Amino acid sequence: MHELALARSVIELVEEYATENNCSRVERVHVRLGQLSAMTRALYFCFRSASRGTCCEGATLCIEEIPLTVKCGFCDDVKQPSGRYNFRCPDCGRPTPQVVTGREMQLVSIELDRGPNDHPPNFGSDPLANQKSRNTEPGIQHVE
Ligand SMILES: [Zn+2]
């Protein structure tokens, strides 16, 4: 998959979730990405440009890179090959076509920005405003 397409589909999912939760701002998006996809850097970059104008704009993208592991039938064990394109068992050298991890592409979690709810724009009860109006009470200003 093209990294821009991946970034867009992640943003689409996040927007859907944010809308469901009546939230217009996203704080953090957590993605799990297998090493085989080899597009961690590209995704960071694409996410930033593709999120412009969406609820993901300014959100932090966290990518957890999952290393490539393969199953060696001969050793009957899960191994980590020496390189990304090396599908041979590092111990016995036999081909290991069975990928165990490294192909993941998963949206793990979305943190919505609840800021506006934590700090409601409540100007009516601003203590400073009350202070001011109290100081200008006619009784205080009145001089005989
Ligand atoms: Zn082996």
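Estimated from the Cβ-Cβ distance and a Förster radius of 22 angstrom, the FRET efficiency linking Thr40 and His2 is about 0.90.
Our estimate of slack between Thr60 and Ser9, defined as 0.36 nm per intervening residue step minus the Cα-Cα distance, is 16.7 nm. Between Arg94 and Glu111, the modelled label-to-label distance comes to 4.5 nm, taking each label 7 Å out from Cα in the direction of the beta carbon. Taking label positions 7 Å along the Cα-Cβ direction at both Arg84 and Glu104, the computed distance is 1.7 nm, reported to one decimal. Backbone phi angles across region 66-73, fed through the Karplus curve with coefficients 6.51, -1.76 and 1.60 (θ = phi - 60°), yield HN-Hα couplings of 9, x, 6, 10, 10, 9, 9, x Hz in residue order; Gly and Pro are listed as x.
Segment Glu27..Cys75, full-extension length gain: 12.8 nm, with 0.36 nm per residue of separation and the alpha-carbon distance subtracted.
Quick note: the coordinates plus some simple rules give every number you see, no bench work behind them. Every value quoted in this text rests on a predicted model; they were computed, and no experiment measured them. For neighbour counting, all protein chains shown are included, and Cβ atoms are generated from backbone atoms with ideal geometry for every residue, glycine included.
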